[in-house]
Amino acid sequence: IFFGAFRSVRFHREQKESGETPETMSTKDAAMFPVIASCTLFGLYVFFQLFSKEYINLLLMGYFFFLGVLALAHLSSPVVYKLLPAGFPNEQYHLLFTQGVGKKKEDIMNYE
């Protein structure tokens, strides 16, 4: 909790210095929240009625494993970069999916 609060304060200070406006919820977002939440709960109800307990447990286990790995990597990255900055070069990778050949080639997904 301490490290998260510390990083939050540092982020808030950097945001003020750069002149960025903080993220806020609009009235429309607040009004749409109950509708979206109701649709989500209904979707979960249908999902639990259609699939067995074993498949749901397997899906949740994979989902939380993936989230845990991402959270651990995000949490430990500042410490690792401060301790070993030369050992981990900051290279950027791009993921591009295309469809077709020649002039009919079009981008499906382009993650830069």
- Query: Could you give me the ³J(HN,Hα) list for segment 90-96, computed from phi with Karplus coefficients 6.51, -1.76, 1.60 and θ = phi - 60°, whole Hz, x at Gly and Pro?
  - Reply: 8, 9, 9, 10, 10, 10, 10
- Query: What distance in nm separates the simple spin-label points at residue 3 and residue 82, each placed 7 Å from Cα in the Cβ direction?
  - Reply: 1.0
- Out of 27, 98, 40, any idea which swings most in a Gaussian network model of the chain, alpha carbons joined below 10 Å? 98
- Stretched fully, the stretch from residue 110 through residue 61 gains (0.36 nm per residue minus C-alpha distance, one decimal, in nm) 14.7 nm
- Query: Let a ≥ b ≥ c be the square roots of the eigenvalues of the Cα gyration tensor of segment 1-87; is it rounded (a/c under 1.5), or, if not, prolate (a/b larger than b/c) or oblate?
  - Reply: oblate
- Query: So what is the 222 nm mean residue ellipticity for the chain from helices alone, if each DSSP H run of at least 4 adds -39500 (n - 2.57) and you divide by all residues, rounding to the nearest 500 deg cm²/dmol?
  - Reply: -22500 deg cm²/dmol
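No value in this document is a laboratory result; all are computed from the given coordinates. Small disclaimer: the values here were computed from a predicted structure and weren't measured. Virtual Cβ from ideal backbone geometry, glycine too; neighbours counted across all protein chains shown.
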